[in-house]
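Everything below concerns the one structure shown next.
The values are calculated or read from the model by the stated rules, or taken from the named source; none is laboratory data. All figures in this text were calculated on a predicted structure; none of them were measured in a lab. As a convention, Cβ positions derive from the backbone with ideal geometry for all residues, glycine included, and neighbour counts pool all protein chains shown. Accessible surface is based on the protein model in full, side chains and every heavy atom, while ligands, DNA and RNA are left aside. Shrake-Rupley method; radii C 1.70, N 1.55, O 1.52, S 1.80 Å.
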Amino acid sequence: MGRPREFDEDAVLAAAIDCFWQHGYEATSVRELACRMGLTGASLYNAFGDKRTLYRRALNYYVQTSFAARAHQLQATLSPPEAIRALFTETIERSLDDKQRRGCLIVNSALEVAPHDPEFRQIVTEVLGHVEEFFRRCIRAGQRDGTITNSHSAIELARMLLGIHIGMRVLARTRPERTLLEGMIRPAFTLLTPDPSHAKRKNDD
């Protein structure tokens, strides 16, 4: 039997994420990763493979710990429009608290490596697809219970919200201003709100 690993995998992956997040994929060296993770170069390769494989593991871990569980919690505990608003509110607060202006690791990956690397492009596409699906689930639920407009399809509205979410994360790296970021989402929520006159017309028919 092989020797058990003598490190906390979650902790070292979190350290790898921090390193990639700070410097980007290309500028991060294996030596720097090993130092930040508290591993020897040999231990890093034995446990995670090369830098590319580690980056893929780090992205997947980042998604699971930063978005997936939280999105499920929001949808399970809040009404559809409140869940959407809560996600954007958290995004704004994280952007304002991001003193180093590191942005979102997934969005950064979409800009740095995805355009030139088919494998990472697929990973980023899948992750952004999960974000879009969260919006789509919320919108469909809201359209069923009357809290979100039916004037546009759930797919169209979800893609609009995804675009705003990505744009907000990019813009916040240069202009982390509350008024600016909140102003980006205010028109979107106006569009999501059902038109009372439309509901009245339906009731009158």
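The alpha-carbon atoms of the stretch 46-87, seen along their principal axes, cover 46, 13, 9 angstrom, with the largest extent given first. About its Cα centre, the dipole of the stretch 88-200 is roughly 240 debye, where the only charges are +1 on Lys and Arg Cβ and -1 on Asp and Glu Cβ.
Carbon and sulfur atoms: what percent of the 1.4 Å accessible area of the chain do they account for?
About 53 percent, which is the carbon plus sulfur part of the accessible surface.
Of the listed residues 152, 130, 72, the order by accessible area with a 1.4 Å probe, largest first, is 72, 130, 152.
Per-residue ellipticity at 222 nm from helix content only, as computed over the chain with -39500 (n - 2.57) for each DSSP H run of at least four residues, stands at -23500 deg cm²/dmol.
The spacing between the stretch 18-55 and the stretch 145-167, judged by their C-alpha centroids, is 38 Å.
Electrostatic bookkeeping for residue 132 treats Lys and Arg as +1 and Asp and Glu as -1; over the other residues with beta carbon under 14 Å from its beta carbon, the sum is +1. Entry comment: accessible area of the chain is 56 Å² per residue, from protein heavy atoms only and a probe of 1.4 Å. Stretched out straight at 0.36 nm per residue, the stretch from residue 32 to residue 53 would grow longer than its current Cα-Cα span by 6.0 nm.
Based on Cα atoms of the chain, Rg over Rh with Rh as the Kirkwood radius reads 1.07. Charge dipole of the chain (Cα centre as origin; +1 on each Lys and Arg Cβ, -1 on each Asp and Glu Cβ, all else neutral): 160 debye, rounded to the nearest 20.
Can you give me the solvent accessible area of residue 160 with a 1.4 Å probe, rounded to the nearest 10 Å²? Spelled out: residue 160, probe radius 1.4 Å, area about 60 Å².
Over all other residues within a Cβ to Cβ distance under 10 Å of residue 79, the charged ones net out to -1, with Lys and Arg as +1 and Asp and Glu as -1.
When the Cα positions of 35, 67, 19 are compared along the charge dipole of the stretch 4-71, 67 comes out farthest toward the positive end, with charges on each C-beta of Lys, Arg, Asp and Glu.
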